[in-house]
Amino acid sequence: MSTMEERLAALEAQVATLTERSTATPPTPPAPEGAFWALDGLKQRLPADGTGAVLYTGTVRVADQHYDWQYGRTVDDLLAADWTELASTLSALAHPVRLRLLREVLGGRQSTSELAEIEELGTTGQLHHHLRQITAAGWLRSAGRGRYAVPAERVVPLLAILTAAAR
């Protein structure tokens, strides 16, 4: 009987090892040479006598969707732009309920009825008010029949703004 018990114990150990391997977080791949690999790549693309550039990029997988995005502008272009035109786009994010709505929609709760179930978002009238505000600013789009989505071209920029705000 001890042979059977030994075999059972060995099988249990193997199953535990396999289970541990399948649920373990995969190791993070090593970073390319240097801590500033993205910055180094940007610098290589700029003229030496320029004032610089700003680049943001990301690869995101949320709610079974995958987004890749990269965008950059020169410092000269940014400083020459009229920043006041950005106020409404940025102010649409300046409310806790709107930020929560964006997080919920990005996470997969996309229908008005699903969003209305979240008590912290207020009344149905308040919910619609906030949805209109962030839709008008381009952070959401109507996907028809009371459903909303964060436009693909806004996912990484939104997360970049949140990253910058978190410092």
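The values are calculated or read from the model by the stated rules, or taken from the named source; none is laboratory data. As the structure is a computational prediction, the values presented were derived from the model and not from experiment. Here the Cβ positions follow ideal geometry from the backbone for every residue, glycine too, while neighbour counts run over all protein chains shown. For the accessible areas, the whole protein counts, side chains as well, though only heavy atoms, and no ligand, DNA or RNA atoms are used. Shrake-Rupley method; radii C 1.70, N 1.55, O 1.52, S 1.80 Å.
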In this structure, is ARG103 within 17 Å of the chain's Cα centre (by Cα), open to solvent by 80 Å² or more (accessible area, probe 1.4 Å), free of Cβ contacts under 8 Å to residues at least 24 places away in the same chain and over 30 Å from LEU46 (Cα atoms)? yes
Check VAL156 against each of (1) open to solvent by 80 Å² or more (accessible area, probe 1.4 Å); (2) in contact with a Phe, Trp or Tyr (Cβ under 6 Å, 6 or more places away or on another chain) and name the one condition it does not meet. (1)
Just checking: which of the strands (runs of 3 or more DSSP E) contained wholly in the range 53-165 hold 3 or more residues that are under 28 Å from ALA38 (Cα atoms)? 53-62, 65-74
Which one of these does ARG98 not meet: (1) open to solvent by less than 90 Å² (accessible area, probe 1.4 Å); (2) out of contact with any strand residue (DSSP E or B) (no Cβ under 9 Å at 6 or more places or on another chain); (3) under 30 Å from ARG45 (Cβ atoms)? (3)
Take the residues of the range 122-137 that are farther than 21 Å from VAL155 by Cβ and open to solvent by less than 40 Å² (accessible area, probe 1.4 Å): which is modelled with the highest pLDDT? LEU127
Look at LEU46 and say whether it is modelled with pLDDT of 85 or more, farther than 30 Å from HIS129 by Cβ, open to solvent by less than 90 Å² (accessible area, probe 1.4 Å) and in contact with a strand residue (DSSP E or B) (Cβ under 7 Å, 6 or more places away or on another chain). yes
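Could you list all residues from the range 47-58 that are within 30 Å of GLY107 (Cα to Cα) and without any contact (Cβ under 8 Å) to a residue 40 or more places away in the chain?
In the first step, residues of the range 47-58 are kept if they are within 30 Å of GLY107 (Cα to Cα); the result is 54-58.
Listed by number, the residues that qualify are VAL54, LEU55.
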